[in-house]
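> Can you keep this structure in mind? I'll have questions shortly.
What follows draws every value from the coordinates through simple rules; no lab data is involved. In this text the structure is predicted, and so the values were computed from the model without any measurement. Using ideal geometry, Cβ is built from the backbone for each residue, glycine included, and neighbour counts are taken over all protein chains shown.
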């Protein structure tokens, strides 16, 4: 299965089944999942701590390093899916709405090649 052939609904169901089989629903409050997301994101960030941008790109050329980062990124996604499940939130709808706001906030013709709009 690849990104091209897997739906978000399938991933959400995979996470829901994993949580249900372990009876973890009582622990999956929005607060706990938001905190877990921050923890998993921190574990992902550790792989790049104190590196320059070029070094971070170079390190990802090493298959073992890339695999370790992929595992942490999968943990982040898993917690995002669990949180969406706990909130009964449609991730596709939320993401598309946010991207529509981003298009207005960061017009391509004014932001291209910059990380923020000029003040």
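> What number, in percent, do you get for the relative contact order of segment 8-88 if the mean sequence gap of Cα pairs under 8 Å and at least 6 apart is divided by its residue count?
The value is 54 percent.
> To continue, here is another question. Choose one answer from 84, 100, 34: the residue with the largest mean-square fluctuation in a GNM of the chain with alpha-carbon springs under 10 Å.
100
> So, in nm, how far is label residue 88 from label residue 118 when the simple model puts each one 7 Å beyond its Cα toward the Cβ?
Label at residue 88, label at residue 118, 4.9 nm between them.
> Please identify, among 88, 53, 32, the residue showing maximal mean-square fluctuation in a Gaussian network model of the chain using a 10 angstrom Cα cutoff.
53
> How big is the convex hull of the Cα atoms of the chain, per residue, in Å³?
Considering the Cα atoms of the chain, their hull volume per residue is 173 Å³.
> If the chain between residue 6 and residue 45 were fully stretched, how many nm would it gain, using 0.36 nm times the residue separation less the Cα-Cα distance? Walk me through the numbers before you get to the answer.
Details: separation 39, 0.36 × 39 = 14.04 nm, distance 2.62 nm.
Extra length from residue 6 to residue 45 when fully extended: 11.4 nm.
> Follow-up question, since we're still on this one. Set the Förster radius R0 to 30 Å, insert the Cβ-Cβ distance between residue 95 and residue 21 as r into 1/(1 + (r/R0)^6), and round the FRET efficiency to 0.05.
Working: r = 27 Å, r/R0 = 0.91.
Given R0 = 30 Å and the Cβ-Cβ separation, E is 0.65.
> Before rounding to the nearest 500, sum -39500 (n - 2.57) across all DSSP H runs of length at least 4 in the chain and divide by the residue total; then give [θ] at 222 nm in deg cm²/dmol.
Working: 6 runs with 82 residues, N = 119.
Helix contribution divided over all residues of the chain: -22000 deg cm²/dmol.
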